[in-house]
1. Quick check: anything in the range 68-76 on the phi > 0 side of the Ramachandran plot and of a type outside the set (Lys, Arg)?
2. Return the only residue of ALA131, ALA78 being under 54 Å from the mean Cα position of the chain (by Cα) and either at pLDDT 60 or above or of a type in the set (Ser, Thr, Tyr) (or both).
3. Any idea which residue in the range 82-99 is most open to solvent (accessible area, probe 1.4 Å), counting only those that are β-branched (Val, Ile, Thr) and over 15 Å from the mean Cα position of the chain (by Cα)?
4. Checking the conditions here, which among VAL54, VAL44 is under 30 Å from THR21 (Cα atoms) and touching a residue at least 24 places away in the same chain (Cβ under 8 Å)?
5. Out of all the residues in the range 37-69, which are open to solvent by 70 Å² or more (accessible area, probe 1.4 Å), at pLDDT 75 or above and part of a loop (DSSP other than H, G, I, E, B)?
Amino acid sequence: MYPENSPHVPAQRAVEVHHPTPLQPAVPVAAPVVPVQPNTVPAVASIVLPDGRVVTGYAINPAQPEPVAAKPAVSRTAVNVALGGVGFLAVCGGLILLTSFIAALTAFITQLIILTAVIFGGWIAVQLFSASGHQGGGTTVNIRKAVIKRNHFHG
């Protein structure tokens, strides 16, 4: 910034420090009364600067830190264990219901098979016994062109 060989002495200035003088809160002038809720308007403070200016403003309260979030009454691990137990019981109950359903379905199919066998077997029996009933009610055996009917020989 400055040439290398030029003699330069930085300017020295006197530093003045001004401390503000606080004033008592101003007495309100007769102003129309406005209904307000209590504790909603903060107190106003005024100070006089050394040059005579008056600064009026509200007091700034120090910032309060955010409250720490409260921990839940029950730990997350306990909640996870409980939810896992509920899920396990739900799966076990579902498996029991599935097993019961399969057992009932098996019993139903077995009974259908038995019913079909009984009906079909009865139909076969009716067909066999009704065919031999047309010959007069006796047992007929043909041996070498002879007919034996109820132990009577007819030749």
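1. Taking the range 68-76 and keeping what is on the phi > 0 side of the Ramachandran plot, we get none.
No, because not a single residue in the range 68-76 is on the phi > 0 side of the Ramachandran plot and of a type outside the set (Lys, Arg).
2. Numbers: ALA131 fails: under 54 Å from the mean Cα position of the chain (by Cα).
None of the other options fit; the residue is ALA78.
3. Initially, the range 82-99 is screened for residues β-branched (Val, Ile, Thr), giving 86, 91, 96, 99.
From what is left, the residues that are over 15 Å from the mean Cα position of the chain (by Cα) are 91, 96, 99.
Numbers: VAL91: 87, ILE96: 111, THR99: 89 Å².
Filtering first and then ranking leaves ILE96.
4. Numbers: VAL44 fails: touching a residue at least 24 places away in the same chain (Cβ under 8 Å).
Exactly one of VAL54, VAL44 is under 30 Å from THR21 (Cα atoms) and touching a residue at least 24 places away in the same chain (Cβ under 8 Å), namely VAL54.
5. PRO50, ASP51, ARG53, ALA63, GLN64, PRO65, GLU66, PRO67, VAL68, ALA69
The values are calculated or read from the model by the stated rules, or taken from the named source; none is laboratory data. In this text the structure is predicted, and so the values were computed from the model without any measurement. Ideal geometry is used to build each Cβ from the backbone, glycine not excepted, and the neighbour counts take in all protein chains shown. Heads up: the accessible areas ignore ligands, DNA and RNA and are worked out on the full protein's heavy atoms, side chains in. Shrake-Rupley method; radii C 1.70, N 1.55, O 1.52, S 1.80 Å.
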